[in-house]
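Visitor: Before I ask anything, here is the structure I am working with.
Any read-out appearing in this document is the output of simple, stated calculations on the displayed coordinates, not a laboratory observation. This is a predicted model, so every value here is computed, not measured. Heads up, the Cβs are rebuilt from the backbone with ideal geometry, glycines too, and the neighbour counts pull from every protein chain shown.
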Amino acid sequence: MSEGTEPMLDILIVDDSPADREMLRRCLENAPLRCGKIARIREASSGSEALDACQDGQPDCMIIDYRLPDITGLDFLRDMSPYMPNQHPPVIVVTGNGSEAVAADTVRLGATDYLTKDRLTRNSIRRSVDTAVERFRIQRQLRRYHAALERSNADLTNFAARLAHDLRNPINFVKGYSEMLQLTPNMPDEKRNEYLGNITEGLDRMDRMLHALYQFSTVKQDKALAGCVPLDGVFADLRKLMTDKIEEAGAELVLPETAPAVIGDQGLLLLLLQNLIGNSLKYRGEAPPRIRVTVREREHQVIVAVADNGRGVPEEHRERIFEMFHRVDPELGIEGSGIGLATCRRIVERHDGSIWCESNAGGGSVLSFTLTPAKI
């Protein structure tokens, strides 16, 4: 199912009777459904054909006859799980001879609805599909919220412990030099200026850490994103904001000349790309940094990739780099909060996307993320 303004639905009808399949198809074709527009109706005449069809592409809703030549509706519901480990699509079971016991069993095993063919009408099947698809969407969104809540709670726990640890170092640093200034009123000007510079450096470190934490905390997870954001505009703003840092690092930044529009928040997407490019500059290799941003469209996704020629990320760290405070090589002494990539993941998930890290064929890393295209 696509994520545009009007979802396009893929329906699978499973029935060994060609006449019944045709009847169900006629009920659904050109149906004005609340949950979306039907883009494709597929058919299968047996349970095995239905499972094969699901492997070719998971439908948005299945309408299955209770009695098939090779399996019953109950057994089919049981057998679906290995093929769809995350969650099977909504299933509506239809039968010629219904009973309350069978209806209860099908619902217990995961069917969304149970209809008898003798009472089946155009309106009843459309209403059932509407309810099934909408319930599935709500359940999926609830799972996302639950996962986000668990992750936020874990982040909060890590945040409190790490904040206490990481702020203690610069605080002690500043405190130590301040006490030495107090205890040495006749300190030479050169030494005094050195100590004052160290105090300023410690305060700057605390300020950068608190700013990174503020950015992370401001990525809200509760409001829907419905804005149409031209990525061309995001890249134009990005070039302006990053020009000084790119020149200072002696780096080369290549941005796409054209890019599609996506659903999202322009400010968050700009922060996301700033963090990714800043990460490439921070973990540069021996050669001058070369950073290339590319955009491609695949099915119902826009994939943005940020490739560099830097130090790269060892395979065992590629999933963990998006965790709060995770550092790949802390012994290198490269200053950082360990929050930037966690903020990136939070922004991408806020846009219902995913983010991952791969090795760059020419050396370095490629960090990619997905967005939802906008319909203009």
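Visitor: Report the relative contact order of the range 43-150, percent, no decimals, based on alpha-carbon pairs under 8 angstrom and at least 6 residues apart. Before the final figure, lay out each step's value.
Guide: Working: 114 pairs, mean separation 25.3, N = 108.
Across the range 43-150, relative contact order equals 23 percent.
Visitor: Taking one equal scatterer on every alpha-carbon of the range 223-376, how large is log10 of I(q)/I(0) by Debye at q = 0.19, 0.21 1/Å?
Guide: Log-scaled intensity ratios, in q order: -1.24, -1.49.
Visitor: Which order do 234, 295 fall in if you start with the one that has the fewest other Cβ atoms within 10 Å? Numbers along the way, then the final one.
Guide: Numbers: 234 23, 295 18.
The fewest-first ordering by Cβ neighbours comes to 295, 234.
Visitor: May I pose another question? Whose amide H sits under 5 Å from the amide H of residue 9, counting only residues 5 or more places off or on another chain, with H placed in the peptide plane?
Guide: It is 37, 38, 39, 40, by chain and number.
Visitor: Let me see the P(r) profile for the range 34-147: every Cα-Cα distance counted, bins of 10 Å, each bin given as a percent of all pairs.
Guide: 13, 46, 35, 5, 0
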